[in-house]
Amino acid sequence: LSPACRMLLHVAAMLAFWASTTLAMPYELLARQECVAGMNLAVFFSAVTSIPTYFFGVWALHHMLPNVSHPGNKRAHKIQRQPHWDQPTKTIDPQLVKRWRCAVAQDAHQATETAFVGYNGEGKLTGEPAGRQLWTDVPSNSAQQTDSNKKYMGLFGGSTTVDNAKVQAMASGGRSEASFAASQNPNSCDMVFRAQQIRSYLQSGQTAPDTSSKPRSVREAAKKGAHFYSMLQTEDGHWAGDYGGPHFLLPGLIVAWYVMGQPEHMLGKDQRSMMQHYIAVHQQKDGGWGTHIESPSTMFGTTLMYVAIRLLGTSADDP
């Protein structure tokens, strides 16, 4: 109920309680002609008793009884269990990885509109595209490239050939290309996104930071760090990134998609496949999932992730 409706409900309940208290008064008291504050003595005494009693009852119900969704007090001790994964390094087909890209700003709007084209006769997005980001396998339309991106590419001499091995070395963070081992590090290094941004940066004619030697001072280290992150800046000026840690966010999206009738334009087959892969590689040795990627298995995390992977089409017999 809205706040206004709740207020009216309380007023009605309070008046009804006041009236019932008044009717319960002895007849002799009701028949007396004495008045207090312009009210019959019985009516006054019933108000004095019923109204405070009602408010106390509401307060007691609200504050003294346990709430239905109350999570309880914090744990007396931290969870002593440690997360364990025994699966080997997982790899993805490099050709499959190449199909995906991070679309930002106007490019993200265009990718969404392409996916939703023809849906109920509507497909246009409103609002400011700057700062928007999404992963998509929709090809980029160079004919619709934004003016800002054209200026960015032309400012430093246009497109140039880049060394892909160098790009992957800077983007991988020490990992082998397109591989993941949760037992070594359950965190993603955004390898695909970094490679995309670094490649675009170098193609514009700019140079990468020198990695042939270690920095010899704090200032030099800071300059190299700033140089590296400048390569990851998107064309509209923001730094894109995922919220890739909690295991309680993705299941909500999947459940919402499922109850809406599993619309293909919202989560396509390829997107669902990648989601299934993501959930599977984070499954721990005991068969469960943590509340987040570095957490030992919990009932909360396991329930959410299991429901999510089943709704995506994984069989109950899948190991």
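Some notes on this structure:
- Residue pairs whose Cβ atoms lie under 7 Å apart, sitting 6 or more positions apart in sequence or on different chains, and linking a residue in segment 192-210 that is among the hydroxyl-bearing types (S, T, Y) to a partner that is at pLDDT 90 or above, are Y201/M231.
- Selection within segment 262-308 - under 23 Å from A115 (Cα atoms) and assigned to a helix (DSSP H, G or I): K269, D270, Q271, R272, S273, M274, M275, Q276, H277, Y278, A308
- Among the candidates G245, G241, G290, G252, the residue that is within 17 Å of M305 (Cβ to Cβ) and in contact with an Asp or Glu (Cβ under 8 Å, 6 or more places away or on another chain) is uniquely G245.
- Filter result (of a type in the set (A, V, I, L, M, F, W, C) and surrounded by fewer than 17 Cβ atoms within 10 Å (Cβ to Cβ)) within segment 297-310: M299, F300, V307
- Counted residues, segment 204-228 - those being at pLDDT 90 or above and either surrounded by 11 or more Cβ atoms within 10 Å (Cβ to Cβ) or touching a Cys at 6+ places or on another chain (Cβ under 6 Å) (or both): 8
- Helices (runs of 4 or more DSSP H) lying entirely in segment 1-73 (those with 2 or more residues that are of a type in the set (K, R) and in contact (Cβ under 8 Å) with a residue 24 or more places away in the chain): none
- One residue stands out among those in segment 236-256 that are touching a residue at least 40 places away in the same chain (Cβ under 8 Å), outside any loop (DSSP other than H, G, I, E, B) and among the hydrophobic types (A, V, I, L, M, F, W, C): the one that is nearest to L134 (Cα to Cα), which is L250.
- Filter result for A111 (surrounded by 12 or more Cβ atoms within 10 Å (Cβ to Cβ), at pLDDT 75 or above, touching a helix residue (DSSP H, G or I) at 6+ places or on another chain (Cβ under 9 Å) and not in a loop (DSSP other than H, G, I, E, B)): no
- Residue that is farthest from I92 (Cα to Cα), among those in segment 176-203 that are at pLDDT below 75 and touching a Ser or Thr at 6+ places or on another chain (Cβ under 9 Å): C189
Residue by residue, here is whether (1) more than 24 Å from S69 (Cβ to Cβ); (2) aliphatic (A, V, I, L, M); (3) not assigned by TED's automatic domain parsing to the domain that holds R101 holds:
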position: Y258; (1), (2), (3): no, no, yes
position: E264; (1), (2), (3): yes, no, yes
position: L267; (1), (2), (3): yes, yes, yes
position: G288; (1), (2), (3): no, no, yes
position: S297; (1), (2), (3): no, no, yes
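- Meets criteria (modelled with pLDDT under 75 and surrounded by 16 or more Cβ atoms within 10 Å (Cβ to Cβ)) for N149: yes
- Unmet requirement for E294, which otherwise passes all of (1) surrounded by 15 or more Cβ atoms within 10 Å (Cβ to Cβ); (2) over 25 Å from D137 (Cβ atoms); (3) within 18 Å of the chain's Cα centre (by Cα): (1)
- Any hit, segment 236-257, residues being closer than 25 Å to A171 by Cβ and over 20 Å from the mean Cα position of the chain (by Cα): yes
- Any chance V281 is outside the structural domain of P186 (by TED's automatic domain parsing) and at pLDDT 95 or above: no
- Test result for D286, under 22 Å from Q184 (Cα atoms), among the acidic types (D, E) and over 17 Å from the mean Cα position of the chain (by Cα): yes
The values are calculated or read from the model by the stated rules, or taken from the named source; none is laboratory data. Computed from a predicted model, the values in this text were never measured in an experiment. Cβ: placed from backbone, ideal geometry, glycine included. Neighbour counts: every protein chain shown.
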